[in-house]
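The values are calculated or read from the model by the stated rules, or taken from the named source; none is laboratory data. These numbers come from a predicted model, not from an experiment. FYI the Cβ positions are ideal-geometry reconstructions off the backbone, even for glycines, and counts take in every protein chain you see.
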Amino acid sequence: MDPLVGAASAAIPPSVPTSAAPLGAASAAIPPSVPTPAAPVGAAGRHPASAAIPPLSPRVIPNITDHHFPSSTGLPRIPLTDHRSPAMPFHDFTLIQAPMAGGINTTELTVGAARAGALASIGAGYLSGTALEAAVTAARQGGAEALAVNLFIPGEPGATEAQWRAAREALAPCYDAAGVDLPDSFAELPGFDEQFDAMLEARPAFFSFTFGRLDKARRDACRARGIALIGTATNRAEARDQAEDGVDAIVLQGEEAGGHRGSVETRGAGQPLAALLEACGDLDRPLIAAGGLMDGADMARVLGLGAAAAQLGTAFLSCPEAGTAPAWRQALAAAGPDATVMTAAVSGRYARGLANAWMDERAPREIAPYPDQHRLTAPLRKAAGAEWKSLWAGTGAHRSRVLPVEELAAALLEECRAAG
């Protein structure tokens, strides 16, 4: 889950063990709606992200700040009003299927989550612009009209030549141990401008982003297309910044979360989700709880702590529809209560996953800045066995359930209602 953010490459211990309690999420059912082609943007098909962009006719108009209006389920909700399609006049979302980049968010997973009543997300952080638009089109054709697209905010420039060389040399024993050849060249990651322009053209209902703030020109570009904005924060300062930018909702990512920590700093400190919700409870924005959430009781708990919605990722990894690799599924099935650890060795940015070689003495000590470390380790993680894969998962991994996505979402909602 990472492109284009930089960081200092000081030699640090590659992993940081952390313990935390899990939490959870919920939602109301939505009917599938008619797929709609994206409207063209400008004479040339796209605008540069920083250009002034004329307003278009409204497609999706969020009313997200009225999230405490009572719903038929008795749960808080994030409402979405669509003034274009009579097939989709109004939706409530209290369950969000988290964006998971790297092939996890398949079309089948996205569509199934949407059909079950969740706000479905596409983790597009590693997709080219063309692939991003294709993913949105496929999801809409399957019936997931109201969905979120997630991208990574770029940060500082990447590795210097010396940092790159040192990190590559440090990885040589890792490649050798796995029996994988160390390449001479490494694939580039898609550029954020290309991805963002493609997202604008696709015009999802929501654009969510992590690793930082979205600049005003891009926020305005989203507003002109009726795209609601969801920022990410891992502490109160980041949440306050997102609120000041006028985002429509803020994902509060607790340290329990699997995958990359969404902090501005690549090695930023985490905070337990419950404490984060308490610290941000006075902000005038709907708060989306994320991190360690696995069942409806977890959902009810975070909703009771003031969250407007809950976002679950690890809970969906074991769904047959997810693009989770077989070795990853096996590791999830075998996971115990303390199976996850933080590491920076995979990408240069802190991330939580199931413990393997990336979290112990076999991991490299010289680490390139994010995202260049990700590029350097990608061929190894792709070709090697489970010990050298990035098996991202949150602290609740040991509570995973192997259920079809629609059954899982329905179970989550029912559990949440029962616990609420």
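Summed over the range 278-289, residues that are buried (at least 22 other Cβ atoms within 10 Å of the Cβ) and of a type in the set (A, V, I, L, M) total 3. In the range 371-403, the residue that is surrounded by the most Cβ atoms within 10 Å (Cβ to Cβ) out of those that are aliphatic (A, V, I, L, M) and out of contact with any strand residue (DSSP E or B) (no Cβ under 8 Å at 6 or more places or on another chain) is L376. Could you list, in sequence order, the residues of the range 322-333 that are assigned to a helix (DSSP H, G or I), out of contact with any Lys or Arg (no Cβ under 9 Å at 6 or more places or on another chain) and surrounded by 15 or more Cβ atoms within 10 Å (Cβ to Cβ)? Scanning the range 322-333 gives R329, L332. How about the range 156-191: which of its residues are crowded, with 20+ Cβ neighbours inside 10 Å and under 22 Å from L127 (Cα atoms)? Within the range 156-191, G158, A159, L189, P190 meet the criteria. Being under 26 Å from W392 (Cα atoms), over 14 Å from the mean Cα position of the chain (by Cα) and buried (at least 19 other Cβ atoms within 10 Å of the Cβ) holds for only one residue in G296, G259, G292, and it is G296.
Total residues in the range 240-281 satisfying the condition of being closer than 20 Å to L293 by Cα and part of a helix (DSSP H, G or I): the figure is 7.
Looking only at residues of the range 190-239 that are among the charged types (D, E, K, R) and outside any helix (DSSP H, G or I), we find that the one that is farthest from L151 (Cα to Cα) is R225. Does the range 340-354 include one or more residues that are surrounded by fewer than 23 Cβ atoms within 10 Å (Cβ to Cβ), among the hydrophobic types (A, V, I, L, M, F, W, C) and touching a strand residue (DSSP E or B) at 6+ places or on another chain (Cβ under 7 Å)? Within the range 340-354, one or more residues are surrounded by fewer than 23 Cβ atoms within 10 Å (Cβ to Cβ), among the hydrophobic types (A, V, I, L, M, F, W, C) and touching a strand residue (DSSP E or B) at 6+ places or on another chain (Cβ under 7 Å). Within this structure, E406 fails the test of being of a type in the set (D, E, K, R), modelled with pLDDT of 95 or more, assigned to a loop (DSSP other than H, G, I, E, B) and surrounded by fewer than 24 Cβ atoms within 10 Å (Cβ to Cβ). Within the range 161-172, the set of residues being without any contact (Cβ under 8 Å) to a residue 12 or more places away in the chain and either part of a loop (DSSP other than H, G, I, E, B) or not basic (K, R) (or both) comprises E161, A162, A172. Scanning the range 299-321 for residues that are in a loop (DSSP other than H, G, I, E, B) and crowded, with 22+ Cβ neighbours inside 10 Å yields A307, A308, G313, L317, C319.
Taken over the range 370-403, the criterion of being of a type in the set (G, A, S), part of a loop (DSSP other than H, G, I, E, B) and farther than 24 Å from G155 by Cβ is satisfied by A384, G385, A393, G396, S400. Within the range 235-251, if we keep just the residues that are of a type in the set (A, V, I, L, M) and within 11 Å of R285 (Cα to Cα), the residue that is surrounded by the most Cβ atoms within 10 Å (Cβ to Cβ) turns out to be V251. In the range 208-223, the residue that is farthest from A290 (Cα to Cα) out of those that are buried (at least 16 other Cβ atoms within 10 Å of the Cβ) and not charged (D, E, K, R) is A221.
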